[in-house]
Amino acid sequence: MEILPPWEPPMSGSDQQHLFGMLDRLRATFRYKADGLGIEQLAAKLPSSQLSLGGLLQHLALVEDEKFTHFIARQRPEVLLGLTANGREHFEVDLEDDPAEIYARYDQAVAKSRKIQRSVIDIGNLDAQSALEFEGKHLSIRRIICDLIEEYGRHTGHADLLREAVDGRVGEDPPWEYLPRWYRE
């Protein structure tokens, strides 16, 4: 029997296991598609779009921080505040930026989110209220997780196209042996 990579959703399991499994697979797939690039490649854009792989890494770091740190854990969202404080658009990547910092920001945001995710799993209540309020009602943690899965689905597709344009890398999932940094620490 072949053992699945840690980012692969379970073959069968609870609603919670499937939601977090789907999210982790999308995180790993996105990270693989953006992995190992220099700043010129991270900043590369298609003629029809302002998106870049580096911009997506920054954006998803911000979204991870917003959803998990702020909306679920109700803590100060440092990545979000840091990326928006300098007045520069968070999707923007400058050729002077350090690729290691872009990757580290994303990896650290996901690692922190996964710690918060484990606390949600331990409590086992996806229907608990988040800090996000809309028209007088608080969204559930389940809704926040579903929104993040949607966000990753959309941007992993963008990353597919961008990475293929940068160096021809294609594929549905990362290789089974691929482990993003947050699985190795």
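Quick notes on this one:
- Each other residue within a Cβ distance under 13 Å of LYS112 adds +1 if Lys or Arg and -1 if Asp or Glu, for a net charge of +2.
- Surface per residue (accessible, 1.4 Å probe) for segment 1-89, Å²: 47
- Charged side chains reduced to their Cβ positions (Lys and Arg at +1, Asp and Glu at -1) give the chain a dipole of some 480 debye around its Cα centre.
- Solvent-accessible area, 1.4 Å probe, carbon plus sulfur percent, for the chain: 51
- Note on the chain: GNM, Cα springs under 10 Å; of GLY136, GLY13, GLY36, the largest mean-square fluctuation is that of GLY136.
- Over the chain: helical MRE at 222 nm, DSSP H runs n ≥ 4 each giving -39500 (n - 2.57), nearest 500: -17500 deg cm²/dmol
The values are calculated or read from the model by the stated rules, or taken from the named source; none is laboratory data. Keep in mind it's a predicted model, so treat the numbers as computed, not measured. In this analysis, Cβ positions are derived from the backbone assuming ideal geometry, glycine residues included, and neighbour counts consider all displayed protein chains. With ligands, DNA and RNA removed, areas are computed over all heavy atoms of the protein, side chains included. Shrake-Rupley method; radii C 1.70, N 1.55, O 1.52, S 1.80 Å.
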